[in-house]
1. For region 274-297, enumerate the residues that are farther than 21 Å from residue 209 by Cβ, under 17 Å from the mean Cα position of the chain (by Cα) and of a type in the set (A, V, I, L, M).
2. Given the conditions (1) surrounded by 13 or more Cβ atoms within 10 Å (Cβ to Cβ); (2) more than 30 Å from residue 229 (Cα to Cα); (3) hydroxyl-bearing (Ser, Thr, Tyr), which single one is not true for residue 33?
3. Given (1) surrounded by fewer than 16 Cβ atoms within 10 Å (Cβ to Cβ); (2) under 15 Å from residue 272 (Cα atoms); (3) among the polar types (S, T, N, Q), where does residue 353 come up short, assuming only one miss?
4. Just the residues that are surrounded by fewer than 19 Cβ atoms within 10 Å (Cβ to Cβ) and among the aliphatic types (A, V, I, L, M), please, taken from region 296-320.
5. Among the residues of region 197-208, is any buried (at least 24 other Cβ atoms within 10 Å of the Cβ), farther than 15 Å from residue 280 by Cα, of a type in the set (Ser, Thr, Tyr) and touching a His at 6+ places or on another chain (Cβ under 8 Å)?
6. So the check is Cβ under 8 Å with 6+ separation or different chains; which pairs have a first residue in region 116-138 that's surrounded by fewer than 17 Cβ atoms within 10 Å (Cβ to Cβ) and a second one that's at pLDDT below 90 and in a loop (DSSP other than H, G, I, E, B)?
7. What number goes with the only condition from (1) closer than 29 Å to residue 276 by Cβ; (2) of a type in the set (S, T, N, Q); (3) modelled with pLDDT of 95 or more that residue 117 does not pass?
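The values are calculated or read from the model by the stated rules, or taken from the named source; none is laboratory data. This is a predicted model, so every value here is computed, not measured. Cβ placement follows ideal geometry from the backbone for every residue including glycine, while neighbour counts extend to all protein chains displayed.
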Amino acid sequence: MAEQFGFTPSHDEAARQAFVGSLKKFVNFDVESQVGRVFDMLVADSEQPPADRKAAAQLLEPHPLYRLWGSLTFHSQNMMWDAVQATTDRTITAAVARYEAAAAAPSAGGSVSLSEQLLVKAPVATTEIHRQPGGYWRERRPNDLEAALNYAGTIELYRKAKGMSAGGPPASDAMGRFVAAVARKHAPDLEPQAILDMGCGTGEETLAYKRTWPAASVHGIDVARPFIRFAHAHAEDQGVAVHFAERDAAQTGFADASFDLIVSIIMFHETSAAQVQDILKECWRLLRPGGLVLHLDVPYQPHRMPLVKQVTNHWQVRHNGEPFWTGFAELDMAAELDRAGFDPASRFATYEQTGPASYFFFGGRKPK
């Protein structure tokens, strides 16, 4: 029996990666909580307490503990990429071969489509998002999917770092199943026949939509070619028929009213202010009457965050390859949906809980 396709560390590689995940969790919780206590003391001693994130940063950033936290965060991120790279270097040749075999003779009814005309825009084209070496779309060999393998290797490390790991990797499509459940909550009568997952990344979550609605035609799109290759090989390995394509979420090329359900997971905060409107307008164009748009993203809106957390979050923008993190969090997404033409009576911007984590959901239904 062939080994399952995907990120497959050896015993020693897994042990190293687990250490990095634990270190990141320690920095994110133990050290950052002490930074919060330091901030409270600085505020108590201040003649004029900070009124916004900028003033809070000026107060906190000179403190040695804040600087230590920043250094530990920065270097633990480097350690994470080094740790997953070791596994990728060992397995990349076999992974490429698995993709080539899947692309040449698909067996599950899915497909893969790559585009030579696609223009990858900033910030994805100009930024090493999350400081991933080479960024999302670097290619160093024919039919490369190295960037996607590296990214896939970090998923459980991030869960551990954010306190969301249950002692082992959950089902790889757990977030997709969560989004599907929220979709049913917003549109209990909807049985979609065509589903679009924007910014599908490695495609692992996309499979949840086909598993939830087996009769639907499911499409996943992304601008990162290595990820599209990985997604197709993974879907074929799992025996799930999904169509993956290298396309821009703001200009998909699909016909009007092509989909009953349009979703994304953690995509918008990796775009830009201009692209937010372009993507939302494209969603509304693509949506069929009665259909649902449902996007999940980071729940770091300022009204939910104490000032010290706003400062540490903005550190990610400045030093950790998250150029639109704060910009997205500060957008009024209800107003953005209205500007994009969504029906004000059915659009929403709200929060949903899964386990210890809360996520920001926004979208709307098109009237029948």
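1. In the first step, residues of region 274-297 are kept if they are farther than 21 Å from residue 209 by Cβ; the result is 274-278, 281.
Narrowing further to those that are under 17 Å from the mean Cα position of the chain (by Cα): 275-276.
The answer is 276, and nothing else.
2. (1)
3. Condition (2) is where residue 353 drops out.
4. 298, 305, 317, listed by residue number.
5. yes
6. Taking only residues 6 or more apart or on different chains, the pairs are 120/137; 125/137.
7. For residue 117, the failing item is (3).
Residue-wise test of (1) surrounded by fewer than 17 Cβ atoms within 10 Å (Cβ to Cβ); (2) among the hydrophobic types (A, V, I, L, M, F, W, C); (3) over 25 Å from the mean Cα position of the chain (by Cα); (4) closer than 30 Å to residue 306 by Cβ.
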site: 47; (1), (2), (3), (4): yes, no, yes, yes
site: 50; (1), (2), (3), (4): no, no, yes, yes
site: 57; (1), (2), (3), (4): no, yes, yes, yes
site: 71; (1), (2), (3), (4): yes, no, no, yes
site: 89; (1), (2), (3), (4): yes, no, no, no
site: 95; (1), (2), (3), (4): no, yes, no, no
site: 98; (1), (2), (3), (4): no, no, no, no
